[in-house]
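Heads up: the structure comes next, in structure tokens.
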Amino acid sequence: MPVRPRRRLPRSVRPSTRRSTIAFDKRSAKSFIRINERIRAREVRVIDETGAQLGILPPYEALRVARERGLDLVEVSPNAVPPVCRIQDYGRFLYEKEKSERAARKRQKVITIKEVKFSVTVDEHDYQTKKNQAVRFLGEGDKVKASLRFRGRQMAHRELGYNIINRLIQDIGDAGVVEFMPRMEGTILHAILAPGKKEPPKPRLTQAPQA
């Protein structure tokens, strides 16, 4: 018998071969924290709500103690041997955890690179304005990219551009440190400066009262 060719289904009814993506939200991330009956270890090291060590117990025994105190058994260190569990209020634990994470994010400083552009024919007033901008950016904790573009025949006088960028580095002084020395990339000369280390304020000297 002749073999009949297989009939291809329309694209709209073909089974999808793409992997389904799972969206993880905060609640699904929290589910990785094992609590109460979800704790599967054979034995756990238990710390109570006051920070006292209760020793190594089977999970069901530790959970019984937690229930008697109206609290939860929370696995706080799953990779320890044996895992460490704490008797505490699980809702309060999540609240404190999120609070500390928010505080850590606030303390993080996002460092950006601000660009200050010069030209070979920059006048003194424009130079001072750009220099003050660079000092302000560095004072705010950002890095500064000082760039200078050569146009046409200016490429024959690169030393003029180097003089401007080197002068900027000297004028900035302790407000910044050179992260990348001046170098050419195509027709652009640039250097990158990072914020300088701030010295702690020196204590003021007070004169002793005269007798």
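The table below gives the values:
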| item | result |
| --- | --- |
| Flag for E185 being within 30 Å of the chain's Cα centre (by Cα) and either at pLDDT 95 or above or closer than 22 Å to R136 by Cβ (or both) | no |
| Any hit, the range 114-134, residues being surrounded by 15 or more Cβ atoms within 10 Å (Cβ to Cβ), within 13 Å of G196 (Cβ to Cβ), touching a residue at least 24 places away in the same chain (Cβ under 8 Å) and among the charged types (D, E, K, R) | no |
| Residue satisfying all of: in the range 133-168; β-branched (V, I, T) and part of a helix (DSSP H, G or I); nearest to the chain's Cα centre (by Cα) among these | V135 |
| Residue in the range 194-209 that is surrounded by 13 or more Cβ atoms within 10 Å (Cβ to Cβ), modelled with pLDDT of 95 or more and among the aliphatic types (A, V, I, L, M) present | no |
| Cβ-Cβ under 8 Å pairs, at least 6 apart or on other chains, the range 44-55 side assigned by TED's automatic domain parsing to the domain that holds L71, far side of a type in the set (S, T, N, Q) and modelled with pLDDT of 90 or more | R45/Q53; V46/Q53; I47/Q53; E49/Q88 |
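The values are calculated or read from the model by the stated rules, or taken from the named source; none is laboratory data. Because the structure is a prediction, the values reported are computed rather than measured. Methodologically, a virtual Cβ is constructed for each residue, glycine included, from the backbone with ideal geometry; neighbour enumeration extends over all protein chains shown.
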